[in-house]
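K.L.:
Dropping the structure in here first, questions after.
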Amino acid sequence: MRLPSDSQSLWRDFQLESFPPLEEDLTSEVTVVGAGITGITTAYLLVKQGYDVVLLDAGQIVSGATGYTTAKISAQHGLVYDQLIKTIGEEKAKLYYEANQDALKMIDDIRKKHEIDCDFSYQDAFVYGESEQSKKKIEKEAKAYEKLGIDGSLSDDVDLPFQVSAAVKMNDQAQFHPVKYLAAIVAYLKEKNVRIYENTRAVDIKKGQKPEVIAENGYSITSNHVVIASHFPFKDFEGVYFARLHVERSYSLAIRTDSKIPEGVYLNADQPKRSIRHAVDPSGEKVLLVGGESHTSGQIDDTLACYEDLRSFAEEHFGVTEIPRRWSAQDMTTLDKVPYIGPITEKNPNIHVATGFTKWGMTLGTGSAKLISDLIGEKDNRYAELFKPSRFNAKSDVKNFAVENADVAKEFVKGKLDLRTKDIGELEHDEGAVVKVNGKRAGCYKDSAGKTTLVDTTCTHMGCELNWNNGERSWDCPCHGSRFNTDGKVIEGPATKPLKKLS
C-alpha cells in the first residue's frame, strides 16, 4: 500500500478560521507567542482572569506541534516514573504525575463547559514490551506506580494482535481531536475580543518592565508579560535553552484496515518506538494511528524510510487497505526529562517560557498554561518549583548536558567536512540534495515542474550545516532542530532568520 505523496496531519483536515497578520504596533497586558495548545490555553485562562491578551503565531494557528501530535492525553509518558524517582525523588515524581492528571481533567472540564465535540474518549493507556529486557523495565515501572500511588498496575488485558512479554496499564487516560478542541477555544477568544494574528513571526524581545515583542515585519507589541509558547524558545536571554534541549522527530500514519482496531492507547518499551491508538477520520470512519521511528532531528538521510517502516509494522500486525494520511512532528526533551515552565530566567520574571514536553504536549502544554497564567495572576501553584526553568539537577543535568553538546559539536564539524554532493543535473523532479555551487556547499530543490531553487545550507541559528529531509521536503538542522522550507523560510525555530537564497 503506497504512502501519500505529501505530509498532512489527520487533525489538519478540520478547517480553522483564518486571522490577519500583525500590521500595526500594539500594547496589551499579555502577549502570547505561539498558537498551539499551550498558547491558546494560556490565552483562554488569562482572559478568564480578565487580562487583555494578544495571541500571535508564525504561521497558521495550530499548525505547529499541536497540529501534528498523536493527541494522547495521558500521564503515562513511557517508562518515566521509575527513572524520575531516581533523578528527582519520589515527592517530585508524584507531583509530575499529579500535574498531568490535573491537566487531563482540565481538558475534560473545558470541553464539557463549552460543549466541544472533539472526539474525546477515556482510554486505558499501556506501555508494552516484547522482550525479556523490556519485561524487567516494565516490572520496575509497575513498582514505581505502587510507590507513587498511581492508578495503574501490570496488566495481561492487552488488546493487541501480537504477543507481548509484559505491559503496565494506567487507568482512565484519554484521547481527542486537538484541532476541533482548540478551534472551539479560539472561537471563545474571538467572542471575548482577543486580538489574534497569524503569519506573524516573532524574532526578538526587548526585555524590561514592559517587554516588547518584535515581529519579522518590524511591528511590535508592548505588554506587561510575554509568554513564549513557540515550542523551541526563539529568544534565550542567557538561559542557554539551545544547549539544554534535545530535539527529536517522529512519524505517524493514519491507516484503514479490515482488522479489529484495538481499544486503548499504546506505547512500546523496546526500540524502535511504536505508538498505537484509534481515531475517527473526517468521513466518520474509525482509523488506526501508528506512530514512532523517533530520531534526532536532521540526523538521518532518508526520512521517508521511517514512514515505510511504520507501514511495514502496520501491514504485518493489522493489514492495511489504505493510508489516507502521513505526518511527522518535532519534540524537545530537557536534561532531566521534566519540562521548563515559568520565568525564562530569574532576571526576567515577566517573560515566561514553556518547552521540553518530550512528546507529551497535550497534558504538559495544558499544565503549562495553568502554571503560567497562575504566575502572571500572582496565584500559588504547587507545581511551580518542579517545572522551574532555572532549576539544576546534578543527577541528570551534568551528564545529559555533556552528551547533548558533544553531539552538537560532532554534527557541526561533520557538516563542515561533509563532501557528499550531487550534481544539479542528477536531481529527479521533486527531489532535494546538497550540491556544490562555485565550489561551496548549497541546497538545491527541483520541483515537480523541473524548476530549481538554491539556498545556502548554513543554519541561521548557530551555523551548523543543514540536511535534506525527503519526507517533509525541508532543510533540517542536526544541531538544534531548526527547519526551513525549500525557499529558505523558517518552518521551526530556534532560528528566526531565513536562509540566504542563491537563485
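K.L.:
Answer yes or no: is there a residue in the range 109-119 that is open to solvent by less than 30 Å² (accessible area, probe 1.4 Å), β-branched (Val, Ile, Thr) and either at pLDDT 95 or above or outside any loop (DSSP other than H, G, I, E, B) (or both).
P.N.:
The answer is yes; a qualifying residue exists.
K.L.:
Still on this structure: Find the residue count for the range 85-143, including only residues that are closer than 20 Å to residue 365 by Cβ, among the charged types (D, E, K, R) and touching a strand residue (DSSP E or B) at 6+ places or on another chain (Cβ under 8 Å).
P.N.:
Residues meeting the conditions: 2.
K.L.:
Do we find a residue being closer than 30 Å to residue 102 by Cα, of a type outside the set (Lys, Arg) and at pLDDT 80 or above anywhere in the range 466-482?
P.N.:
No, that holds for no residue.
K.L.:
If I filter the range 283-297 down to residues being of a type in the set (Ser, Thr, Tyr) and more than 16 Å from residue 327 (Cα to Cα), which single residue comes out as least open to solvent (accessible area, probe 1.4 Å)?
P.N.:
The residue in question is 296.
K.L.:
Looking at the range 29-43 only, could you name the residues that are of a type outside the set (Ser, Thr, Tyr), closer than 17 Å to residue 359 by Cα and part of a helix (DSSP H, G or I)?
P.N.:
Across the range 29-43, the qualifying residues are 37, 39.
K.L.:
Any chance the range 298-321 includes a residue that's open to solvent by 20 Å² or more (accessible area, probe 1.4 Å), part of a strand (DSSP E or B) and touching a Leu at 6+ places or on another chain (Cβ under 8 Å)?
P.N.:
No, there is no match, as no residue in the range 298-321 is open to solvent by 20 Å² or more (accessible area, probe 1.4 Å), part of a strand (DSSP E or B) and touching a Leu at 6+ places or on another chain (Cβ under 8 Å).
K.L.:
Moving on to the next point. Here's a check for you: in the range 1-48, which residue that is in contact with a helix residue (DSSP H, G or I) (Cβ under 9 Å, 6 or more places away or on another chain) and of a type in the set (Asp, Glu) is modelled with the lowest pLDDT?
P.N.:
13
K.L.:
Can you tell which of 98, 146, 139 is modelled with pLDDT of 95 or more, open to solvent by 10 Å² or more (accessible area, probe 1.4 Å), acidic (Asp, Glu) and more than 29 Å from residue 371 (Cα to Cα)? Walk me through how you get there before you give the answer.
P.N.:
On the way: 98 fails: more than 29 Å from residue 371 (Cα to Cα); 146 fails: more than 29 Å from residue 371 (Cα to Cα).
Being modelled with pLDDT of 95 or more, open to solvent by 10 Å² or more (accessible area, probe 1.4 Å), acidic (Asp, Glu) and more than 29 Å from residue 371 (Cα to Cα) holds for just one of 98, 146, 139, which is 139.
K.L.:
Residue by residue through the range 467-485, note down the ones that are buried (at least 19 other Cβ atoms within 10 Å of the Cβ) and not small (Gly, Ala, Ser).
P.N.:
467, 468, 469, 472, 475, 476, 477, 478, 479, 480, 483, 484
Residues are listed down the side, and each one gets a yes or a no for (1) at pLDDT 90 or above; (2) within 28 Å of residue 305 (Cα to Cα); (3) open to solvent by less than 20 Å² (accessible area, probe 1.4 Å):
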{"residue": "368", "(1), (2), (3)": "yes, no, yes"}
{"residue": "389", "(1), (2), (3)": "yes, no, yes"}
{"residue": "414", "(1), (2), (3)": "no, yes, no"}
{"residue": "439", "(1), (2), (3)": "no, no, no"}
{"residue": "458", "(1), (2), (3)": "yes, yes, no"}
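K.L.:
Any residue in the range 11-19 that is touching a Lys or Arg at 6+ places or on another chain (Cβ under 7 Å) and farther than 24 Å from residue 225 by Cβ? Before the answer, list the steps.
P.N.:
Filtering the range 11-19 for residues touching a Lys or Arg at 6+ places or on another chain (Cβ under 7 Å) gives 14.
From what is left, the residues that are farther than 24 Å from residue 225 by Cβ are 14.
Yes, there is a match, as at least one residue in the range 11-19 is touching a Lys or Arg at 6+ places or on another chain (Cβ under 7 Å) and farther than 24 Å from residue 225 by Cβ.
K.L.:
So how many residues does the range 71-93 have that are more than 19 Å from the chain's Cα centre (by Cα) and not in a loop (DSSP other than H, G, I, E, B)?
P.N.:
Adding up the residues that qualify gives 12.
K.L.:
Within the group 17, 29, which residue is out of contact with any strand residue (DSSP E or B) (no Cβ under 7 Å at 6 or more places or on another chain), open to solvent by 40 Å² or more (accessible area, probe 1.4 Å) and either farther than 30 Å from residue 307 by Cα or β-branched (Val, Ile, Thr) (or both)?
P.N.:
Values: 29 fails: out of contact with any strand residue (DSSP E or B) (no Cβ under 7 Å at 6 or more places or on another chain).
None of the other options fit; the residue is 17.
K.L.:
For the range 232-271, how many residues are assigned to a loop (DSSP other than H, G, I, E, B), on the phi < 0 side of the Ramachandran plot and surrounded by 14 or more Cβ atoms within 10 Å (Cβ to Cβ)?
P.N.:
Total satisfying the criteria: 12.
K.L.:
In the range 200-216, is there at least one residue being touching a helix residue (DSSP H, G or I) at 6+ places or on another chain (Cβ under 8 Å), of a type in the set (Lys, Arg) and under 30 Å from residue 333 (Cα atoms)?
P.N.:
No: the range 200-216 contains no residue that is touching a helix residue (DSSP H, G or I) at 6+ places or on another chain (Cβ under 8 Å), of a type in the set (Lys, Arg) and under 30 Å from residue 333 (Cα atoms).
The values are calculated or read from the model by the stated rules, or taken from the named source; none is laboratory data. Predicted model only: the values in this text are computed from it and were never measured. Note that we place each Cβ from the backbone using ideal geometry, even for glycine, and neighbour counts take in every protein chain shown. These area figures cover heavy atoms from the full protein model, side chains too; ligands, DNA and RNA do not enter into them. Shrake-Rupley method; radii C 1.70, N 1.55, O 1.52, S 1.80 Å.
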